[in-house]
2 protein chains.
Amino acid sequence: MARATTTSDSFNAVAEPRRREILSYLAGAERPVGEIVAALGLPQPSISKHLRVLHDVGLVRMRCQGRQKLYRTNAEAIRPLHEWAATFERYWQHQLLRVKELAEATVRHGAADWNSADSTTPDSKTPGSKPPDSNT
Amino acid sequence: MARATTTSDSFNAVAEPRRREILSYLAGAERPVGEIVAALGLPQPSISKHLRVLHDVGLVRMRCQGRQKLYRTNAEAIRPLHEWAATFERYWQHQLLRVKELAEATVRHGAADWNSADSTTPDSKTPGSKPPDSNT
DNA sequence: TTGACATATTCCGATATCGGAATGTAATGT
DNA sequence: ACATTACATTCCGATATCGGAATATGTCAA
């Protein structure tokens, strides 16, 4: 097995940098494939393939107009991603405080190695403990 | 070639559902690996491997305490993701309006196939046509 | 019809990724 | 020193993924 087959999960679809570029490019207005190719400077088949993935997961919408197909980012499909990330918002605010405090304390006395190779911290406090299990 | 080697990009690291679970689980407090294993019900080596990826991209922090290692989500590393998604916020607000209008219009007269298998829209109205070139 | 566009699909090889099983390593207890 | 606990790493096979080249499909124009 490997990943969740890209074509089923928007987190996966967005994991590819080029696809992110495409989404940004198509956010404001619909565009024919040719313009996307010109704008991003990638080979046309490549663009088509990425568009397919994005379309399959609903991240872009498509409309036919004569012999061209107009694509456009479906911004709504990005919301779940945004909301998932927002779940951590309260924590990074917390951390900003903690980091600030830690820095100050560190200046006053010795080092406080967070994330160095090994710390071993023998008996330390175990701060607040027992936080939420906020799972999806 | 394939993807950007997962271990270099947090978008990629987060593309894996289990890793997302781990991040949620470790958001509020640090935990030893054993607890993560117990909580998520995955084999220990698997957890360790995911933790490695997350650690390499900076999505979790680690601290040693005796024979156990305490992991914790580094929420700050999720901010870039959140901000990227936020880039589209203004568009999904737009779209909500457009969709609503379209729905009302559609109810009044015929269908307006958006995104069906093929539309071909031979010569028909093409509503506004020639949309803006508002580039990035 | 034929031909020129516009885009999609298929085939291919190189490389990643994931899970599982087995094994390695460091800290602790006796 | 030895066994045990707590994790990490390695090896492996199955499958995905990506880019490139070639080719197919569909649409308009003469």
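The table below gives the values:
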{"item": "Carbon/sulfur fraction of accessible area - region A:44-109, other protein chains in place, 1.4 Å, %", "result": "51"}
{"item": "Positive-end residue, region B:10-77 charge dipole about Cα centroid, Cβ charges, pick of B:Pro32, B:Leu51, B:Gln68", "result": "B:Gln68"}
{"item": "Förster-model FRET efficiency, 25 Å R0, B:Arg52 and B:Glu83, C-beta, rounded to 0.05", "result": "0.45"}
{"item": "Inter-copy separations for B:Pro80, label at 7 Å along Cα-Cβ, nm, ascending", "result": "2.4"}
{"item": "Gained length - B:Gln65 relative to B:Glu101, 0.36 nm times residue gap less alpha-carbon distance", "result": "7.0 nm"}
{"item": "For region B:76-99, residues shielded by at least 50 square angstrom of accessible area compared with the chain on its own, probe 1.4 Å", "result": "B:Glu76, B:Ile78, B:Arg79, B:His82, B:Trp84, B:Phe88, B:Tyr91, B:Trp92, B:Gln95"}
{"item": "Accessible area in square angstrom per residue, region A:10-75, 1.4 angstrom probe", "result": "40"}
{"item": "Overall Cα dimensions of region A:10-75, principal axis frame, Å, largest first", "result": "32, 22, 19"}
{"item": "Shortest-first distances to equivalent copies, position A:Arg52, nm, label 7 Å out along Cβ", "result": "3.3"}
{"item": "Interface size A-B, as summed buried accessible area [1.4 Å probe, Å², nearest 100]", "result": "5500"}
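The values are calculated or read from the model by the stated rules, or taken from the named source; none is laboratory data. Everything quoted here is computed from the prediction, not taken from an experiment. Positions of Cβ are backbone-derived with ideal geometry, glycine not excepted, and every protein chain shown enters the neighbour counts. For the accessible areas, the whole protein counts, side chains as well, though only heavy atoms, and no ligand, DNA or RNA atoms are used. Shrake-Rupley method; radii C 1.70, N 1.55, O 1.52, S 1.80 Å.
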